[in-house]
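Before any comments, here is the structure.
The values are calculated or read from the model by the stated rules, or taken from the named source; none is laboratory data. Note that the coordinates shown come from a computational prediction; the quantities given were computed from them, not determined experimentally. Here the Cβ is made from the backbone with ideal geometry for all residues, glycine too, and neighbour counts use every protein chain on show. Note: areas computed on protein heavy atoms with side chains; ligands, DNA, RNA excluded. Shrake-Rupley method; radii C 1.70, N 1.55, O 1.52, S 1.80 Å.
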Amino acid sequence: MDTHDISAPPRAQSRHTADKHPNQRPGGLTHDNTRHTTRFTVIGNHLAQHPELSALAIGLGVHIQSLPKGARADIKTLAARFPEGTTRIAAALRELETHGYLRRERHRIPDGRIITRTISCNQPGNARRDHKGPHAPPPTKAAKTAKAAAPRKALPPVPRPAYPSPTLIQQATDLLTDLRRHDPRLLLSTCDTAHLAPGVAAWLERDVTPTAVRHTLTTDLPPDPLRRPAALLAHRLTAQLPPPPPFHAPAPRPPVRHPLQNCDACDHAFRSPTPGRCHACRTAVAAA
């Protein structure tokens, strides 16, 4: 009587025990997994099962995190890779940016062009702040005030004309003042205009038309707000300064053609600045 059946359960199992294991629920999802050893990417469930991201945004986030460093991840490249169009892909990328999985930063390269760098974040909210560590506190109000009160960095130097005549400097100043009509962001202060005017005068001195100078300063500007438009213009005036025009020797003066005169002796016509005798008559008189 004291022998127990070891195969019998110690107590009755709850009918809800199976609910704690959804993978074992009849008709539910079952995984047939094989362990990866090469060519795999670790993706967090916070992205793969994000409650607010669309399926396209989740798929693009997974794809971007699987790309190697230096791969292109712009809208055109992704649209060429996937069947979705540029509009849907752009919207999905904005979703990833909103939730911290993607950052797009603009940088200036040495030749003056503006490029966009895409930064993929596998842990949103864990980005470094100004290289001070992942948990650096935000700047205080006093720090922001001190930064605002700090003196502004001097503008880059600009070229100088060889002969800065007042008329040339005034023409350059008028050109700079008129830039705001082409782009409101290029509204310059009086101090910035005075600093940039010699640079524009150097271009005009090299036989560059005002229209060409204006085109150089206003074309291909970054779409973002300009923090210091004068610094951008100073960089362009220096980096894209054209060479001086080729030297042309002055043309020789044309020979002088004297008016026709009638010879006083033989009445023949000859060229001379003053009336008198022709060369033949003067030679005969001299020989006699």
Fill in: Virtual spin-label span in nm between residue 219 and residue 206, 7 Å along Cα→Cβ
1.5 nm
Discussion item. Let me check I've understood the local charge: for residue 285, count other residues with C-beta under 14 angstrom from its C-beta, Lys and Arg +1, Asp and Glu -1. What total comes out?
Written reply: +1
Worksheet, complete the sentence: Long-range alpha-carbon pairs in segment 209-288, meaning those over 13 Å apart, account in percent for 80 percent
Worksheet item: So for the pair residue 182, residue 226, with labels modelled 7 Å out along Cα→Cβ, what separation do we get in nm?
Response: 1.0 nm
Discussion item. Distance between the C-alpha centers of segment 234-288 and segment 195-232? Whole Å please.
Written reply: 46 Å
Worksheet item: What net charge is computed for the residues neighbouring residue 106, neighbours being all others with C-beta under 10 Å from the C-beta of residue 106, Lys and Arg scored +1, Asp and Glu -1?
Response: +1
Practice prompt. Please list 40, 82, 247, 270 in order of solvent-accessible area, largest first, computed with a 1.4 Å probe with all protein chains present.
Written response: 247, 40, 82, 270
Worksheet item: All other residues with a Cβ under 13 Å from the Cβ of residue 160 taken together, and with Lys, Arg as +1 and Asp, Glu as -1, what is their net charge?
Response: 0
Fill in: Amide H contacts under 5 Å for residue 268, placed H, 5+ residues apart
263
